[in-house]
Amino acid sequence: MAGDDGSATPPTAGSGRSPGAARTDGGASTPAYRLPPPGATPTRVLAVSGETAGASPVQTLAAVDDRLDPDRVLAVPPKPSQVVPLAGRALSTPVITRTGVRVETFASPATGVALVVPPNVEELSASPAETLDREGLPETPSGSADEWGVHLVSDRLALEVDRHDRSATVRGVEAYLNAVGEGWTGDAVTHLSTALRPGYETTVEARDETVRVVGVGESRARLGAAVREGDPAVARLDLYANGVVDAASVTPTEFGLRSLRGVGRSRAETLREAGYTTVEEVAAARTRELASHDGVGTTAAAEIRTRAEARATGTVRPIEDRSLPDGDPVYVDLETDGLAPTTAWLIGVLDGDPEDGDYMAFRQRDPTDRRTHLTAFLDWLTGAQADRPVVAYNGLGFDFPTLRRLVQEHCPAYRDAWESVYTFDPYHWAVTEGNAALPGRTDRLEDVATALGWRPFTRGVDGRRVAEVWVEWEQAVLEASDPSAVADPDWERLEAYCEDDVRALATVHEALDDAARLETASTPTGSDTAQGSLGDFT
């Protein structure tokens, strides 16, 4: 284990870990720490159902395909056979289905990933190497078919829910293993199930084998701003050679007219009937033209057009004439052990601008000590930085109340000092209060910052996976007879992920500050000019 000084350290790229647990010399179980290999490029797959294809406008599906840029589209239930007829002309990416008569495959030497999609698992050869050789796929750099990271797709693994015990287990594992054969088990194969929601991950012990199962099926979860309950979704799957799958549900509405706040199903249909089929076409329209259509109106049209301009131009657009707080901001992001956190084990801080600012990581070094690193952060913040605003994205919803509670529990002497800190939440200011239109396909931090030109240093890592790594390490240390024998996660890489978040936050904050200094969407009455007419802005 590392020391317990709680000091801040700068991040560098680290090394990944192979799947599976091992035994250390001290007899402790070493956690798997399932992260993608550092610097690795994934194979990207979009899992699309026929139901989603049928419910989405062609222009919207084309935008999904263009923006996410997958290597392949995977047709999944419900109605997988309808994906090509319904969406084929909208997609420039080849579609793989399980409804044919032969095994479909795709392999990329650049990623080391081989995707294998049989109509039935009984159709597989005895091993992945035989299947890939039979299909004539390109060789890995070493020339060995055994070195592919294989991702095998089927619908044979699903959840069985016990409502009495309030538990769920993956059913059909024994029958599945009998069908695929021994050559398709082991660490080199990840088993993808279209009968499980995207992002669901588990390992199942059966027949002295450990089977790694990941869901790639359809999801209808609520995902945040611009996503409505019940919207059909696609799964964005980034597949890595070491078996890690970075999965996210994405609704096609995030890319179409309904991604604009104020545009629901009815209003989107009105705009399409009027000839506005894309966000860019709405952005190019005059406000008075949009307002002339039934159910739109002048006020709604002005705001919809402003939001469309933000999306089309990749810039923040002011809506209300309000400025951001004065002062040199301190950007903060927390990594916790879950959405109902008992600790903020990493407090990432950026002091300066997005590109060149100094990053500091105040990290908990001992699972039993939740005070030392928090005290170090508070000492730094309430010292020379005392008069600076502390900025966190969705800070009012998560970061600030979490810090307030942890300070009260572990550092009560700092309670008054923390309460005197000026805090600012850009998400609340822009979205909840409606002061600015953001350019992201959603209002999530990563989507907004990406639209503004930010690019992350880390890939395939998100808050959920980082939290899982912490919890896995924490439990191993607490249960070990010799905690020092438990291998550490790649702390530098986890800190680098948090650094990405605070630099993304700084990118968004600076863009909001710049936009707030500009003229708002309202302008005095006047005739048509290069700026537009009153009807274009009010």
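The values are calculated or read from the model by the stated rules, or taken from the named source; none is laboratory data. All values reported here derive from a predicted model rather than from experimental measurement. Glycine gets a Cβ as well: all are built from the backbone with ideal geometry, and neighbour counts include every protein chain shown.
May I ask you to list the residues in region 456-508 that are among the β-branched types (V, I, T), more than 15 Å from E355 (Cα to Cα) and over 16 Å from the mean Cα position of the chain (by Cα)?
V469, V471, V477, V486
Look through region 37-71, keep the residues that are within 28 Å of F457 (Cα to Cα) and among the hydroxyl-bearing types (S, T, Y), and return whichever of them is surrounded by the fewest Cβ atoms within 10 Å (Cβ to Cβ).
Ranking the candidates gives T41 first.
Checking P367 against (1) within 27 Å of P389 (Cα to Cα); (2) in the same structural domain as L406 (by the TED database); (3) touching a helix residue (DSSP H, G or I) at 6+ places or on another chain (Cβ under 7 Å): exactly one of these is not met. Which one?
(1)
Limited to region 182-198, what total is found for residues that are free of Cβ contacts under 8 Å to residues at least 60 places away in the same chain and crowded, with 21+ Cβ neighbours inside 10 Å?
Count: 5.
Filter region 395-428 down to the residues that are touching a Lys or Arg at 6+ places or on another chain (Cβ under 8 Å) and of a type in the set (A, V, I, L, M, F, W, C), then identify the one that is farthest from L257 (Cα to Cα).
The residue in question is C411.
Specify which of the listed residues (L91, L74) is surrounded by fewer than 23 Cβ atoms within 10 Å (Cβ to Cβ), in the same structural domain as A233 (by the TED database) and closer than 30 Å to G440 by Cα. It would help to see each step written out before you state the result.
Numbers: L74 fails: surrounded by fewer than 23 Cβ atoms within 10 Å (Cβ to Cβ).
The match here is L91.
Taking the condition of being surrounded by 16 or more Cβ atoms within 10 Å (Cβ to Cβ) and either among the hydrophobic types (A, V, I, L, M, F, W, C) or part of a loop (DSSP other than H, G, I, E, B) (or both), how many residues in region 418-434 meet it?
7
Please give the number of the condition A226 fails out of (1) modelled with pLDDT under 80; (2) under 30 Å from R265 (Cα atoms); (3) surrounded by fewer than 19 Cβ atoms within 10 Å (Cβ to Cβ); (4) in contact with a Ser or Thr (Cβ under 7 Å, 6 or more places away or on another chain).
(3)
Please work out if P439 is assigned to a loop (DSSP other than H, G, I, E, B) and surrounded by fewer than 21 Cβ atoms within 10 Å (Cβ to Cβ).
Values: assigned to a loop (DSSP other than H, G, I, E, B): yes; surrounded by fewer than 21 Cβ atoms within 10 Å (Cβ to Cβ): no.
When the stated conditions are applied, P439 does not pass them.
Starting from residues that are in a helix (DSSP H, G or I) and among the polar types (S, T, N, Q), keep the ones in region 62-121 and report whichever is nearest to A195 (Cα to Cα).
Checking each candidate, the answer is S81.
Have a look at V282, V296 and point out the one that is at pLDDT below 95, outside the structural domain of H509 (by the TED database), touching a helix residue (DSSP H, G or I) at 6+ places or on another chain (Cβ under 8 Å) and surrounded by 19 or more Cβ atoms within 10 Å (Cβ to Cβ).
Unique residue meeting the criteria: V296.
Of all residues in region 434-477, which are β-branched (V, I, T) and under 30 Å from A301 (Cβ atoms)?
T442, V448, T450
Could you grab me the full set of residues in region 374-405 that are in contact with a Gly (Cβ under 8 Å, 6 or more places away or on another chain) and acidic (D, E)?
D387
Residues are listed down the side, and each one gets a yes or a no for (1) touching a residue at least 60 places away in the same chain (Cβ under 8 Å); (2) surrounded by fewer than 22 Cβ atoms within 10 Å (Cβ to Cβ); (3) outside any loop (DSSP other than H, G, I, E, B):
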position	(1), (2), (3)
G327	yes, yes, no
P341	yes, yes, no
W380	yes, yes, yes
G383	no, yes, no
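Hey, could you check region 356-378 for residues that are assigned to a helix (DSSP H, G or I) and among the hydrophobic types (A, V, I, L, M, F, W, C) and say which is nearest to L478 (Cα to Cα)?
Only one residue fits best here, namely L374.
With respect to the numbered conditions (1) within 22 Å of L324 (Cβ to Cβ); (2) at pLDDT 95 or above, which one is the sole condition not fulfilled by D387?
Evaluating D387 over (1) within 22 Å of L324 (Cβ to Cβ); (2) at pLDDT 95 or above leaves (2) as the failure.
Within the bounds of region 296-319, is there any residue that is assigned to a loop (DSSP other than H, G, I, E, B) and over 24 Å from W429 (Cβ atoms)? Spell out the reasoning first.
Going through region 296-319, the residues assigned to a loop (DSSP other than H, G, I, E, B) turn out to be 296-297, 314-316, 319.
Remaining after also requiring over 24 Å from W429 (Cβ atoms): 296-297.
Yes: one or more hits.
It is to be established whether one or more residues within region 403-418 are within 21 Å of L452 (Cβ to Cβ) and either among the β-branched types (V, I, T) or in contact (Cβ under 8 Å) with a residue 40 or more places away in the chain (or both). Lay out the reasoning, then the answer.
Let us first name the residues in region 403-418 that are within 21 Å of L452 (Cβ to Cβ), namely none.
There is no residue in region 403-418 that is within 21 Å of L452 (Cβ to Cβ) and either among the β-branched types (V, I, T) or in contact (Cβ under 8 Å) with a residue 40 or more places away in the chain (or both).
Out of the residues in region 157-181 that are touching a residue at least 40 places away in the same chain (Cβ under 8 Å) and out of contact with any strand residue (DSSP E or B) (no Cβ under 8 Å at 6 or more places or on another chain), which is nearest to E209 (Cα to Cα)?
G181
Considering region 448-484 alone, what residues qualify as being acidic (D, E), assigned to a loop (DSSP other than H, G, I, E, B) and closer than 19 Å to R365 by Cα? Before you say what the answer is, go through the steps one by one.
Taking region 448-484 as the starting set, the residues that turn out to be acidic (D, E) are 462, 468, 472, 474, 479, 482.
The next check asks that each one be assigned to a loop (DSSP other than H, G, I, E, B); those that pass are 462, 482.
Listed by number, the list holds a single entry, D482.
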